[in-house]
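Readers should treat all values here as calculations from the given coordinates under stated rules, not as data from a laboratory. Here the structure is a predicted model, which means the values were calculated and not measured. Positions of Cβ are backbone-derived with ideal geometry, glycine not excepted, and every protein chain shown enters the neighbour counts.
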Amino acid sequence: MAAVRTTGEVALNRIAVVAVLIATLIFLAPIYWIASTAFKPKELAVTVPPTVLFQPEVTPFIRLFTKRVQMQKPVDPQVYEAAPWWEKRVYDGGERVLKVGNDVQLSQYPNRFMNSLIVAVISTVLAVGMGTFTAYGFSRFKMAGEADLLFFILSTRMLPPVVVAIPMFLMYRIVGLNDSHIGLIILYVAFNLSFSVWLMKGFMDEIPKEYEEAALVDGYTRMQAFFKIVLPEAATGIAATAVFCFITAWNEYAFALIMTNRRAQTAPPFIPSQIGSGLPDWTTIAAGTFLFLLPVAIFTFLLRNHLLRGMSFGAIRK
Amino acid sequence: MPEEEGSPSGILVSGRYSLASVALTNLDPASRAAARGWSDLTIRNMFIIPTLAFLIVFNIFPLIYSLGYSFTNFAANRSEPWQFVGLQNYRELLSDDHIWSNFIITAKYVIVSVAGQMIVGFGLALLLNRSFPMKGLITTLLLLPMMMSAAVVGLFWQLLYSPSWGPINYAFGLGDFAWLSNPDSALYAVAITDIWMWSPFVMLLSLAGLSAVPQHLYEAAAIDRAGRWYTFTRITLPLVSPILLIALIFRTMEAFKTFDIAYTMTTQPTAELLAIRLYKQAFQQWDTGKSCALAYIVLIMVLAITNLYVKYLNRVKER
């Protein structure tokens, strides 16, 4: 702020802050809407005018996780009384939960969610692991054509997914990797590796060379210096890079849509496919979306100090 | 081996040999011995080459593979043998009106959505560039949209855009206006969602640029009684423009590739972006050879923008 603050400036400041608050509300409104729809009774999801205030309930989540069928006639009161609370909620909606013997049949959602988790976690570990080593190599050692190599690494990330997916689909078909976790993990590692190298190189560059040099003088080998001095120093950077890679893999859609359809399908292609035809049950879809977005929202808060460098490939620091 | 030998004091006492065995106790004796002798060159190659090899095998090799197919009439869903057709795929694509309309749609989309993001994002950054209570929290909240999955965002904006009972139409009194199934509005509806999603990115970069403007310049301008507009155009804009340019190129590149958000939101042909066209040609019509050719046309365009991006990125980095 300028050294002298006039009344005009103070007023302008107030207006700006109010404008920021309004803008924030507008930006958050869509997120609020999807989150609130996830807790709405079915009949309030698509009302005119839209319902803003209501008694929240968890029934959409029960529907999300179970396989259900529409009931032809009302439920037998005795059966209803004997049912646990969550099953009653399903009966209330005119449906019943499908069972095999006494076991509740789960919907596909938990399975897709798990697939997302498996693929995102494993690909993140691999991409960040390899990226950390490579970033150290680029950061500490001279190399002919280093800028070109780094550009090459970055450019692999810039390829449109569908362009890469066409040949990968054909190659996977030959080796039988279509619709497999491994196939998707390989693609995500390839996709995230460039990102992880660029980001980690920024973090590595910030660790003073003198730390390792002191260790080398003290009798450490290069590898020991790397593992005992550099890695602990880079821990924050590694964590931030890992979260970024995780979010990217978690959110990825095009590869998953093309490469998987059942066994290894992840949540992003699965959730939109639930819409189907006819009037969709938006509360259940919203519940699935809400659960899917929740980890990302939490990570965004954890990452807030690293967001800038993560989004700009580590080139711009805060 | 006790852990504390890793500390600097431990080094002095125990010397080189025992330390080597501390760090590498998990390895077998042979590699332990080798580790002591690794030169920087070996380590550099060991650290860098696997990554390069991985990227070449899974990014570059597939592209060479598809370059080959782009000169054939191969169709992945048929088993009949394919033939070499030379440049026919490229010729057909470049003289196909349908493809050109995809290009025009994509160009329109890129211009509208990137311009919107730049204006909204930079505007937000200007507003945020002052101190006020809970600034950190508000900035973080504003960043939420861009961290989400574009496919899922596209899905839930369908709910927001619904005619008759959708909250957007209700809020703006638009009644039954069908944003996503109206051929005239579908593309812009997707662009609005994209602006919502990615303005925070421009905001984030702009904020970094704004906070890097030296305060003494503003103080000097205030002493000289420079007007607000003058200060903005002569001090703020020139100093922030390199980062704005980065944001512009990066967003252009990403908008050009847009697939998921548009694909999950609408099926209108007027909103058929290049990447969607490519997807349909490859995985719905199974016109594999031709889609490889189209992929190459798209690829060359993306690489051109990427080159620009990296050039300016390095320039900003050097400052």
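With a cut-off of 12 Å, note down the residues of segment B:59-81 whose backbone N falls inside the zone around a label point 7 Å from the Cα of A:Asp148 toward its beta carbon.
Correct set: none at all.
Determine the dipole magnitude for segment A:1-125: charges of +1 sit on the beta-carbon of Lys and Arg, -1 on that of Asp and Glu, nothing else is charged, the reference point is the Cα centre, and the result goes in debye to the nearest 20. If you can, show how the numbers build up before the last one.
Numbers: 13 positive and 9 negative charges, 39 e Å.
Charge dipole, segment A:1-125, about its Cα centre: 180 debye, nearest 20.
I'd like the Kirkwood hydrodynamic radius of the protein assembly as shown, using the inverse of the mean 1/r over distinct C-alpha pairs, in Å.
Working: mean 1/r = 0.0365 Å⁻¹.
Computed over the protein assembly as shown, the radius equals 27.4 Å.
Which Cα, out of B:Phe71, B:Pro145, A:Phe151, lies furthest along the positive dipole direction of the protein assembly as shown (beta carbon charges, K/R +1, D/E -1)?
A:Phe151
In whole Å, how far is the Cα centre of segment A:118-139 from that of segment A:26-100?
42
Quick query: amide H of B:Thr72 versus all other amide H atoms, modeled in the peptide plane; which residues come in under 5 Å with a sequence gap of 5 or more or a different chain?
Residues meeting the criterion, in which the H sits 1.01 Å from N, are B:Val85.
For the residues B:Ser199, A:Ser107, what sequence is obtained by ranking on other C-beta atoms within 10 Å, fewest first? If you can, show how the numbers build up before the last one.
On the way: B:Ser199 27, A:Ser107 18.
Lowest to highest Cβ neighbour count: A:Ser107, B:Ser199.
Search the structure for amide H atoms under 5 Å from the amide H of A:Arg68, placed 1.01 Å from N in the peptide plane, and list their residues when 5 or more places away or on another chain.
A:Leu98
So what is the diffusion coefficient of segment A:64-131 in µm² per second by Stokes-Einstein at 10 °C and 1.306 mPa s, using a Kirkwood Rh over Cα pairs?
Working: Rh = 14.5 Å.
Roughly 110 µm²/s, to the nearest whole number.
Just name one of B:Thr252, B:Pro133, A:Ile166: the one whose Cα is farthest towards the positive end of the charge dipole of the protein assembly as shown (beta-carbon charges, Lys/Arg +1, Asp/Glu -1).
So the residue furthest toward the plus end is B:Pro133.
Rounding to the nearest 20 debye, state how big the charge dipole of the protein assembly as shown is about its Cα centre with +1 on each Lys and Arg Cβ and -1 on each Asp and Glu Cβ.
On the way: 48 positive and 40 negative charges, 110 e Å.
Once rounded to the nearest 20, the dipole reads 520 debye.
Could you identify which residue out of B:Phe172, B:Phe156, B:Phe103 has the top mean-square fluctuation in a GNM of chain B using Cα springs shorter than 10 Å?
B:Phe172
What are the extents of the Cα atoms of chain B along their three principal axes, in Å, largest first?
Principal extents (Cα only, largest first): 81, 77, 39 Å.
Ordered by residue, what ³J(HN,Hα) values in Hz, to whole numbers, does segment B:120-127 give under the Karplus form 6.51 cos²θ - 1.76 cosθ + 1.60, where θ = phi - 60° and Gly and Pro are x?
5, x, 5, x, 4, 5, 4, 5
If you average the alpha carbon positions of segment B:93-117 and of segment A:242-302, how far apart do those two centres end up, in angstrom?
Centre-to-centre distance over Cα atoms comes out at 27 Å.
Of the candidates B:Leu278, B:Leu174, B:Leu244, which one comes out as most mobile in a Gaussian network treatment of chain B with C-alpha springs shorter than 10 Å?
B:Leu174
For chain A, set up a Gaussian network in which alpha carbons nearer than 10 Å are linked by springs, and say which option among A:Leu302, A:Leu199, A:Leu216 fluctuates the most.
Of the options given, A:Leu216 has the highest mean-square fluctuation.
What does the charge dipole of chain B about its Cα centre add up to, to the nearest 20 debye, if the Cβ of each Lys and Arg holds +1 and the Cβ of each Asp and Glu holds -1?
Numbers: 21 positive and 19 negative charges, 160 e Å.
Charge dipole of chain B: 760 debye, to the nearest 20.
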